[in-house]
Each structure stands twice: as structure tokens, then as C-alpha cells.
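Have a look at the structure below, then the notes.
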Amino acid sequence: MSVIDRPKANTGSSDMSVSGAADEAFAKDVLAGLSKPQKELPCRWFYDRRGSELFEQITDLPEYYPTRTEAEILNACVDELREIVGPGVALVEYGAGAAVKTRILLDALDTPAFYAPIDISAEFLQAVAANLAQDYPAIKMRPIVGNFLSEVEVPGDLLTAGRRLGFFPGSTIGNLSDHEITSFLTRARRQLGDDGMLVVGADLRKSPDILIPAYDDAAGVTADFNKNLLVRINRELDGGFDLEQFRHQAVWNDVDSRIEMHLVSERSQSVDVLGRSFDFAAGETIHTENSRKFSILALQALADTCGWRALRSWEDPSKLFSVLLFG
């Protein structure tokens, strides 16, 4: 029977203290972000339970090509990946979400020993691990509650695996700055070990005619996902955001090669959060997310500075997306 551990924080402390620390970090990030000249909110706070559910809906939208394209690439390359990686691996997934694409690897890898998903949403993570445990009873589940952009404690028994394989799908790497990418890759090198490997999904540069609809869908699901941040602030931080007075916006920034998501104030207004008042001019925005688009060579060069060697890369026929293997 598969074993599911209780979620672990990066300090190994109790669930209650994990929740308290997360609440404090959320409050700190929101107050600091709304105080900046360009107001911003870190995209990691999208993923409360409702946000995670909305994102899974986004991945099924006809405009949103990344999820299905990455899955197609993984299905095409997974046999080759299995031969390279070898048997008995511990699979460590950074920012696991619903772990839909994880099943492709768990089905194809040679007798994986452990699966350790890392995610900031404790309730969602535990539910995902429980569902996977039913379908993969021979694989030990080690869910880790934490932010993969900071130090997390990788369970010690993963050291007994033949090799640790990191999995960072969904072009989540595109949400990060160069500094955040190098910090993450350096930590992953240390966590996964000298003989560890890392699979990264990365979205590639392409026409804004394809990109913008993917982040501003006709059904308005991405708008709901973006505005759920305000719902969360209202609920958890005694916020006073009127959702009808903010609209979702997705724009292409060609200079920085990224899609930007914003929440635009429809009028001049003031909003209270935790007893502090924040003024908005009409048309002023809160910058909520960046989604960078890469060239394969540039990303491989960046990984090389963090101790990773490019082993393989795979693309779809239209060159929309790439899956890269580092060792």
C-alpha cells in the first residue's frame, strides 16, 4: 500500500505553524506590493484552492496551448527519457498543482520509488497526493508544503532512491526573473544531487496573436483566475476590493519577451487592506504575473551557469513549446 506523509514545511514544523507563516508572508507581500509605484502582487499567491481549480480549468481552454502541447511532447519523448534516467528514481516535482502531466512520467518511468510534489497550497496538495496514491500504490508519496522559490526540506528517505529526477513543467520557469531562475536552479542542483537530473518545460517565443488569447480567453476564466487574488485578499486580509471596479488585462512586452497580466482599476478609488488605505487612479494597474517566452539556447546557457549540463531538448512540430533535460 502506498504511503502518504503529512505535508512538510521547509522547517519541518506543524501544519498550524505552516499556515500561520503563510498568512504572515501573504500579508507582507500584499502590503509591500500595493505600496510600490507600480503596484504588484506575487503570482505565487494565485494558488489558494479556488485559484488552483481555476488554473486547471484554464489548461483545458482551446486558446491555452501550453498544457496540451507539453503533454504531447512528454508522451513523445518519455520512452527516451526512461532509458536516460534509469530505474528506481525519486521524482521531485516543483510547483505540482494537479500533477496531471506527472502521470505521464509515473506511467512510463522504470519502477519509480518515490514521488515528492512541492506546492504552496497544502489542502490541494494533499488531495492530489491521495488521488495519486490510489492509482500508484507501489510508489511512496512524500508531499512537501512549501514555496519552491525558497529552501524546502526534501525528505531524507529520497536519498535511498537510485537517482532523484526533478520535474518543473508548465513553463512555470517563465514566471521567474533571471535571478529567481538561477537561485532555483542552484537549489535544485543541491537538492537533487550531483547525479540528479531535471526536466523543465519552457514556452517558446511566438506571435502575440497566439500568446494574448492564451492569457485572455473568450470565456473569461483567466480573468476570474486573476481577480481571485482580490477575492483572497478580501477574505484573508480584511480587504475592500470591489471586483466590479477592476478588470483583467494581458499584454505582450516584446522587449522583455513576456506576457504580463494586470488588474486595471476602472476608476479613481481607494481600497483598504488590513487597515491601510491604497489609492488607485483610473487606469492604474496591479501587475500580477509575468510569463516569459524563451529561446532554447538562452535557457540552456542560463542553466549552465548553475551547474547543469544540457542533455536533450524536445519540441512540438510547430515549435510552440520545449521540454528540456538537464543533468
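Taking region 314-327 as the search range and keeping residues that are buried (at least 22 other Cβ atoms within 10 Å of the Cβ) and aromatic (Phe, Trp, Tyr), which one is farthest from the chain's Cα centre (by Cα)?
Ranking the qualifying residues of region 314-327, first place goes to Phe326.
Just the residues that are loosely packed, with under 13 Cβ neighbours inside 10 Å and in contact (Cβ under 8 Å) with a residue 60 or more places away in the chain, please, taken from region 282-313.
Matches in region 282-313: Thr305 only.
From (1) surrounded by fewer than 21 Cβ atoms within 10 Å (Cβ to Cβ); (2) in contact with a strand residue (DSSP E or B) (Cβ under 8 Å, 6 or more places away or on another chain); (3) touching a residue at least 60 places away in the same chain (Cβ under 8 Å), pick out the condition that doesn't hold for Ala218.
(2)
Given the condition in a loop (DSSP other than H, G, I, E, B), modelled with pLDDT under 95 and in contact with a strand residue (DSSP E or B) (Cβ under 7 Å, 6 or more places away or on another chain), answer yes or no: does some residue in region 98-107 qualify?
There is at least one residue in region 98-107 that is in a loop (DSSP other than H, G, I, E, B), modelled with pLDDT under 95 and in contact with a strand residue (DSSP E or B) (Cβ under 7 Å, 6 or more places away or on another chain).
Could you tell me whether Pro66 is over 16 Å from Arg232 (Cβ atoms) and either of a type in the set (D, E, K, R) or at pLDDT 95 or above (or both)?
Judged against the criteria, Pro66 is a match.
Taking the stated definitions as given, is Trp252 modelled with pLDDT of 95 or more, under 28 Å from Phe184 (Cα atoms), among the aromatic types (Phe, Trp, Tyr) and not assigned by TED's automatic domain parsing to the domain that holds Gly174?
So Trp252 fits the description; yes.
Return the only residue of Leu149, Leu106, Leu176, Leu165 being touching a residue at least 24 places away in the same chain (Cβ under 8 Å) and buried (at least 20 other Cβ atoms within 10 Å of the Cβ).
Answer to the check: Leu165.
Can you find even one residue in region 150-161 that is acidic (Asp, Glu), assigned by TED's automatic domain parsing to the domain that holds Ala122, part of a helix (DSSP H, G or I) and more than 30 Å from Thr288 (Cβ to Cβ)?
yes
If I ask for residues that are farther than 21 Å from Lys206 by Cα, hydrophobic (A, V, I, L, M, F, W, C) and surrounded by fewer than 17 Cβ atoms within 10 Å (Cβ to Cβ), which ones from region 251-280 would you list?
Val264, Leu274
Scan region 230-257 residue by residue and report those that are over 21 Å from Arg50 (Cβ atoms) and in contact with a Phe, Trp or Tyr (Cβ under 8 Å, 6 or more places away or on another chain).
Within region 230-257, Ser257 is the sole residue that qualifies.
Output the qualifying pairs, or none if there are none: Cβ atoms under 6 angstrom, residues six or more apart or on different chains, first residue in region 125-137 and more than 20 Å from Arg49 (Cα to Cα), second residue loosely packed, with under 13 Cβ neighbours inside 10 Å.
Close Cβ pairs (under 6 Å, with a partner that is loosely packed, with under 13 Cβ neighbours inside 10 Å) amount to Pro137/Met1.
Might you let me know whether region 73-81 holds any residue that is surrounded by 18 or more Cβ atoms within 10 Å (Cβ to Cβ), over 16 Å from the mean Cα position of the chain (by Cα) and not in a helix (DSSP H, G or I)?
No - not one qualifying residue is present in region 73-81.
So Ile120 ticks every box in (1) crowded, with 18+ Cβ neighbours inside 10 Å; (2) under 13 Å from Ala161 (Cα atoms) but one. Which box is left unticked?
For Ile120, the exception is condition (2).
Within region 264-281, track down each residue that is charged (D, E, K, R) and either touching a helix residue (DSSP H, G or I) at 6+ places or on another chain (Cβ under 7 Å) or free of Cβ contacts under 8 Å to residues at least 24 places away in the same chain (or both).
Glu266, Arg267, Arg276, Asp279
Is it the case that some residue within region 115-125 is outside the structural domain of Glu56 (by TED's automatic domain parsing), polar (S, T, N, Q) and out of contact with any helix residue (DSSP H, G or I) (no Cβ under 6 Å at 6 or more places or on another chain)?
No, the conditions are met nowhere in region 115-125.
So which residues in region 32-50 are over 14 Å from Arg235 (Cα atoms), modelled with pLDDT under 95 and part of a helix (DSSP H, G or I)?
Answer for region 32-50, where residues must be over 14 Å from Arg235 (Cα atoms), modelled with pLDDT under 95 and part of a helix (DSSP H, G or I): Cys43, Arg44.
The values are calculated or read from the model by the stated rules, or taken from the named source; none is laboratory data. All of these numbers come straight from a predicted model, not from anything done at the bench. We place every Cβ from the backbone using ideal geometry, glycine too, and count neighbours over all the protein chains shown.
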